[in-house]
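Read through the structure below, which is laid out as structure tokens, and then see the notes.
The values are calculated or read from the model by the stated rules, or taken from the named source; none is laboratory data. Because the structure is predicted, anything quoted here is derived from the model rather than measured. Positions of Cβ are backbone-derived with ideal geometry, glycine not excepted, and every protein chain shown enters the neighbour counts. Surface areas here come from the heavy atoms of the whole protein model, side chains and all, with no ligands, DNA or RNA. Shrake-Rupley method; radii C 1.70, N 1.55, O 1.52, S 1.80 Å.
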Amino acid sequence: MKGSPQYPNDTIYELLPSNGDLSLFFLSSGDSMILLNQYLEKADSGTNFTLKLIK
């Protein structure tokens, strides 16, 4: 997807599990992917849900 209300110029990827579970949403940010909730918002728990590319 191209953007959301909070991130209008960013790319958001939706991962659809083959077993029918809920979709996972990730915000692409440079060399990182940040997990978003079903409302396309970053987690408010204080826990870091970021995947970072290691070269």
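Observations
- Residue selected from the range 34-48 under the condition under 9 Å from the mean Cα position of the chain (by Cα) and part of a loop (DSSP other than H, G, I, E, B), by the criterion farthest from Pro8 (Cα to Cα): Asn37
- For the chain, filtered to residues that are in contact with a Phe, Trp or Tyr (Cβ under 8 Å, 6 or more places away or on another chain) and open to solvent by 100 Å² or more (accessible area, probe 1.4 Å), the residue that is modelled with the lowest pLDDT is Met1.
- The residues of the range 1-40 that are among the hydroxyl-bearing types (Ser, Thr, Tyr) and over 18 Å from Leu53 (Cα atoms), listed by number, are Ser4, Tyr7, Ser18, Ser23, Tyr39.
- Of all residues in the range 12-33, those that are in contact (Cβ under 8 Å) with a residue 24 or more places away in the chain and assigned to a strand (DSSP E or B) have Cβ atoms under 8 Å from Cβ atoms of residues that are open to solvent by 90 Å² or more (accessible area, probe 1.4 Å) and among the hydrophobic types (A, V, I, L, M, F, W, C), 6 or more apart or on another chain, in Ile12/Met1; Phe26/Leu51.
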